[in-house]
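Here's the structure we're looking at; comments come further down.
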């Protein structure tokens, strides 16, 4: 396997995956990263307060790979995924960050496709195939992660087709001079996203003030675009498989107000008491390497 740092691009890649318990799903997620055609230069688990079982998973996998596997943990004080992402970004050493969620696993070319899609002054997002509970249970029982357009108990299965030719027809990019707005949203989600670490540092990372699910990734994209970073939505590349689950309740009013503020806010950088700056100043609550 080739390292992401090898070749004409010459940049290193950090893969960050969020998690909260469900250690058996985290194991599937990380095993699919260890099977990549182009592995990342480091893997960072951004843990939002899981029990000790998640550390047992990362300890086991660390013994099976030469890729640095870093587990950064914070106390369980509610859904604070943005804070956990910033904890991971604060320890990341890669020039380029590929981000996903712990309820996903990945096609073998996932990292390779994000590396190939990387362009200066641009962040990238892909799509997801949804795995229904029946197929999830089969995968967890057998370890068989193979998914095609014909696999039962899946939805949005056309996203499972990896084709460079199709991707040229189905992908789209923004004009960096046109910021993200309610009328110009990229439809990029944190389950399948990549960006330059220096761009994330420019806006001070994710907004820790989002507590609870909803709007956290779009806020990040709005502020990146305010900083002059364009976006690219890739389809039929960077294949991600998402274990479907019941929709999580969230404070719709809070999310709406926060996003409206983000659209209006002239500044793209959040205050220093939040974000990556906060994570660097405080240090991790717990870290294993």
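On the beta carbon distance between residue 184 and residue 51, with R0 = 35 Å, the FRET formula returns roughly 0.25. Over segment 204-283, Cα pairs under 8 Å with separation of 6+ residues give a relative contact order of 54 percent. Rounded if a/c is under 1.5, else prolate if a/b beats b/c, else oblate: with a ≥ b ≥ c from the C-alpha gyration tensor eigenvalues square-rooted, which is segment 108-259? Oblate shape, in that a/c is at least 1.5 and b/c is the bigger or equal ratio.
Over segment 89-237, Cα pairs under 8 Å with separation of 6+ residues give a relative contact order of 40 percent. Based on the Kirkwood approach, the hydrodynamic radius assigned to segment 83-138 is 13.7 Å, with every pair of different Cα atoms included.
For segment 123-191, the calculated P(r) over all alpha carbon pairs, in 10 Å bins from 0 to the bin holding the longest distance, is 16, 38, 28, 14, 3 percent. A Cα-only calculation for segment 41-184 places Rg and Dmax at 17.6, 48 Å. Ranked for footprinting exposure by Cβ neighbours inside 10 Å, fewest first, 130, 245, 159 give 245, 130, 159.
Here segment 1-115 is treated as a sphere whose radius is the Kirkwood value from Cα pairs; by Stokes-Einstein at 37 °C and 0.692 mPa s it diffuses with a coefficient of 234 µm²/s.
Across segment 191-289, the fraction of Cα-Cα pairs farther apart than 18 Å, rounded to a whole number, is 57%. Using a/c under 1.5 as the rounded threshold, could you call segment 49-130 rounded, prolate or oblate? The axes a ≥ b ≥ c are square roots of the C-alpha gyration tensor eigenvalues, and prolate needs a/b larger than b/c, oblate otherwise. Prolate, because a/c is 1.5 or more and a/b exceeds b/c. Stretching the chain fully between residue 134 and residue 121 yields a gain of 0.6 nm (0.36 nm per residue, less the alpha carbon separation). Based on C-alpha pairs under 8 angstrom that are at least 6 apart in sequence, the chain has a relative contact order of 25 percent.
The distance separating the Cα centre of segment 20-34 from that of segment 221-241 comes to 24 Å. If you take the Cα centroid of segment 108-122 and the Cα centroid of segment 266-288, the two points sit 26 Å apart. Taken along the Cα-to-beta-carbon direction at a fixed 7 Å, the label points for residue 145 and residue 65 span 0.9 nm. With N the number of residues in the chain, Rg(Cα) / (2.2 N^0.38 Å) evaluates to 0.94. Expressed as a whole number of Å, what is the distance separating the alpha-carbon centroids of segment 39-57 and segment 164-207? That distance is 25 Å. Legend: ranking of residues 148, 170, 127, 65 from fewest to most surrounding C-beta atoms inside 10 Å; resulting order 148, 65, 170, 127.
Any read-out appearing in this document is the output of simple, stated calculations on the displayed coordinates, not a laboratory observation. Everything quoted here is computed from the prediction, not taken from an experiment. Note that each Cβ is placed from the backbone with ideal geometry, even for glycine, and that neighbours are counted across all protein chains shown.
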